[in-house]
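J.: Dropping the structure in here first, questions after.
The values are calculated or read from the model by the stated rules, or taken from the named source; none is laboratory data. Note that the structure is predicted; figures quoted are calculated from it, not measured. Please note: Cβ atoms are built from the backbone with ideal geometry, for glycine as well, and neighbour counts cover all protein chains shown. Side chains are part of the model used for accessible areas, which takes the heavy atoms of the whole protein and leaves out ligands, DNA and RNA. Shrake-Rupley method; radii C 1.70, N 1.55, O 1.52, S 1.80 Å.
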Amino acid sequence: MLFTDRDDAGRRLAVALERYGDEHPVVLGLPRGGVPVAFHVAQALGAPLDVIIVRKLGVPYQPELAFGAIGEGGIRVISEDIVQRGRVRPEDVRSVERAAEADLERLARRFRADRPRLDLSGRTAIVVDDGIATGATAEAACEVVRAQGAARVVMAVPVAPPEAVELLSATADEVVCLSTPRGFSSVGRWYEDFSQTSDEEVVALLGQAARQPAAVTEEVVVDAAGLPLAGDLILPPGARAVVMFAHGSGSSRHSPRNRSVASALNRAGLGTLLFDLLTPAEEADRARVFDIETLADRLSRATTWLRTRTSVPVGYFGASTGAAAALTAAASPEADTFAVVSRGGRPDLAGPHLTAVRAPTLLIVGGDDTLVLDLNHQAQSSLRCENRLEIIEGATHLFEEPGALDEVSTLAATWFTTHLPRPA
C-alpha cells in the first residue's frame, strides 16, 4: 500500500480507527512526522490531540541500546534487566536521565506552548506515528502512556514491518497497522511525499486542533425543485466531501442503520445529508417507494440544492430502492458524483442506467441475503465504471448480526475517502 503523503495516510488510518470514536479517546502524535497523521485521526474521531514526547535512555557506551525511557510528568520506565546486564552504574543512569529530561522539557515547551498536557487517566489513548521501523520508540511511547494512567493503549500506524507489529503487540492493547510489507526497508519508501515535518508544522497543527470547532449539525429543509424534504446536514470541520443518503423502502432519515453509517463517515471527516426522498403521505404508497425515476429525479434536484450550501464534492449512499435511485441519478449526463455506495441495495432496479454510471461504485451485500446478492451480481455485470461487490459473510438483509454494520461502515468510509478527488 502506497500513501500519497502523511495527510492521505492519516485519513486512511482514521477509517480503520473509527470504531474507537464511541470511547472518547485521546489521540497522541509522536513528533514530528506522526503529528500530521494523528491530526486527521483526531479530526475524524472528534477527539482531542496532543503530542506524546518520550526520550529513550541509552546505555552510555552503547547509546542505541535503551535501558529505559522517560516521559512527561516524571514518568520513568526502566528495564532493570538491561541495567544489570549492561552494568550501568547508578550515576550513569542519573546522568543519562538528566540530559533526556532537559531535552524533553525543551520539546514540550516548543510544541505545546502554554497548553497543559492532556490528562490520560482512565482514557483510551491512541498513539500515532507515520510509520515504524524497529518499534523501539513506539514501544517506549506505549509504556509511558500506560504509566501516565491510560486505561487502554492503541498503537496506530500506516505502515510497519511485521516483526515490529509483533513486538508492539506485547506492549499495546491493540496495534492497528494498514500495511505490513515484508520487503519493508524504510518508512519513506511507502510514501510518494515523505518530506520532513518541521517543528513549526507540529506547533501549527496542535494549535489548530486545540481551536477546532465542533461539527456543524443542522436540521434543514431540502428544496427539491419546490418540494420541501426534511433532512439532517452534518458538516465536520474541514469536511472534504458530503455524502447524501438515499433511503429506500421502509426507511427514512431516522433509520438507525443509516445514522450509524453516517456517524462513521462523520468520524472519517466526511459530511452527511440524511433526508427523505418521499413526503410522509407518499411513504404509505408502495408504488411511490419503487418509483425509481421519481426518487432519482428528487435526489438530483436535492443535489443541486446542496451545492448552494457547500462547494465540496458530493457522493451517494443508497439503501434498498434508494441504491437504484442513487445510481440512476449518478448516471445523468449532468451528474458530478465522485463515488456511490449501496448497502443491501437493489441496484438492478436502475436498469439501463447502470451502463452510464461513471462514479466508482461499491455494492455491499450480506452473504445470507441470497436473493439480493444474486440481483447485485446481475447489476454489477452491467456496470462499466470502477466497481466492487463486497459480501459480508453471515449477514442478512438488515445487517443486524454483531459487527456486520460496523463492517459496512468501514467499507463505505474507505471507499469514499479513497475515491475523493484530489484538490486542484
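J.: Answer yes if at least one residue in segment 213-220 is in a strand (DSSP E or B) and surrounded by fewer than 11 Cβ atoms within 10 Å (Cβ to Cβ), and no otherwise.
T.: Checked against the condition, which is being in a strand (DSSP E or B) and surrounded by fewer than 11 Cβ atoms within 10 Å (Cβ to Cβ), segment 213-220 yields at least one hit.
J.: Which residue, of A100, A133, A125, is among the aliphatic types (A, V, I, L, M) and either open to solvent by 40 Å² or more (accessible area, probe 1.4 Å) or more than 29 Å from S169 (Cα to Cα) (or both)?
T.: Testing whether each residue is among the aliphatic types (A, V, I, L, M) and either open to solvent by 40 Å² or more (accessible area, probe 1.4 Å) or more than 29 Å from S169 (Cα to Cα) (or both) leaves just A133.
J.: When segment 77-93 is examined, which residues are found to be free of Cβ contacts under 8 Å to residues at least 60 places away in the same chain and either of a type in the set (A, V, I, L, M) or under 29 Å from G34 (Cα atoms) (or both)?
T.: Across segment 77-93, the qualifying residues are I78, S79, I82, V83, V88, V93.
J.: Determine, yes or no, whether A224 is closer than 15 Å to Y316 by Cα and more than 20 Å from the chain's Cα centre (by Cα).
T.: no
J.: For segment 117-134, does any single residue satisfy the condition of being of a type in the set (D, E, K, R), more than 14 Å from P31 (Cβ to Cβ) and either in contact with a Ser or Thr (Cβ under 9 Å, 6 or more places away or on another chain) or in a helix (DSSP H, G or I) (or both)?
T.: Checking segment 117-134: not a single residue is of a type in the set (D, E, K, R), more than 14 Å from P31 (Cβ to Cβ) and either in contact with a Ser or Thr (Cβ under 9 Å, 6 or more places away or on another chain) or in a helix (DSSP H, G or I) (or both).
J.: In this structure, is F338 buried (at least 24 other Cβ atoms within 10 Å of the Cβ) and among the aromatic types (F, W, Y)?
T.: no
J.: From the residues in segment 95-108 that are out of contact with any Leu (no Cβ under 7 Å at 6 or more places or on another chain) and among the aliphatic types (A, V, I, L, M), which one is modelled with the lowest pLDDT?
T.: Checked segment 95-108; the qualifying residue modelled with the lowest pLDDT is A99.
J.: How many of the residues making up segment 251-264 are outside any loop (DSSP other than H, G, I, E, B) and open to solvent by 20 Å² or more (accessible area, probe 1.4 Å)?
T.: 5
J.: Name the pairs whose Cβ atoms lie under 7 Å apart, with the first residue in segment 378-400 and within 24 Å of R259 (Cα to Cα) and open to solvent by less than 60 Å² (accessible area, probe 1.4 Å), the second of a type in the set (D, E) and part of a helix (DSSP H, G or I), and 6 or more positions between them or separate chains?
T.: If the second residue must be of a type in the set (D, E) and part of a helix (DSSP H, G or I), the pairs left are I392/E407.
J.: Okay, moving on. Using beta carbons and a limit of 8 Å, which pairs, at least six apart or on different chains, have the first residue in segment 315-336 and at negative phi and among the charged types (D, E, K, R) and the second one open to solvent by 10 Å² or more (accessible area, probe 1.4 Å) and part of a helix (DSSP H, G or I)?
T.: Listed by first residue and then by second, the contacts come to E334/S300.
J.: Only residues that are open to solvent by 10 Å² or more (accessible area, probe 1.4 Å) and either under 19 Å from V41 (Cβ atoms) or of a type in the set (A, V, I, L, M) (or both): list them for segment 151-164, please.
T.: Hits for segment 151-164 are A151, R152.
J.: Would segment 312-332 turn up any residue that is surrounded by fewer than 24 Cβ atoms within 10 Å (Cβ to Cβ) and over 25 Å from R384 (Cβ atoms)?
T.: Taking every residue of segment 312-332 in turn, at least one turns out to be surrounded by fewer than 24 Cβ atoms within 10 Å (Cβ to Cβ) and over 25 Å from R384 (Cβ atoms).
J.: Right, something else. List the number of the failed condition for F194; all other conditions in (1) over 18 Å from V157 (Cβ atoms); (2) touching a Gly at 6+ places or on another chain (Cβ under 6 Å); (3) open to solvent by 50 Å² or more (accessible area, probe 1.4 Å) hold.
T.: (1)
J.: Right, V153: within 19 Å of the chain's Cα centre (by Cα), outside any helix (DSSP H, G or I) and more than 20 Å from R12 (Cβ to Cβ) or not?
T.: Spelling it out, V153 is indeed within 19 Å of the chain's Cα centre (by Cα), outside any helix (DSSP H, G or I) and more than 20 Å from R12 (Cβ to Cβ).
J.: Out of (1) at pLDDT below 90; (2) open to solvent by less than 20 Å² (accessible area, probe 1.4 Å), what's the single condition that is false for R267?
T.: (2)
J.: Moving on to the next point. Which condition from (1) without any contact (Cβ under 8 Å) to a residue 60 or more places away in the chain; (2) open to solvent by less than 30 Å² (accessible area, probe 1.4 Å) is the one that F111 breaks?
T.: Against the list (1) without any contact (Cβ under 8 Å) to a residue 60 or more places away in the chain; (2) open to solvent by less than 30 Å² (accessible area, probe 1.4 Å), F111 comes up short only on (1).
J.: Among the residues of segment 335-348, is there at least one that is assigned to a helix (DSSP H, G or I) and modelled with pLDDT of 95 or more?
T.: Within segment 335-348, one or more residues are assigned to a helix (DSSP H, G or I) and modelled with pLDDT of 95 or more.
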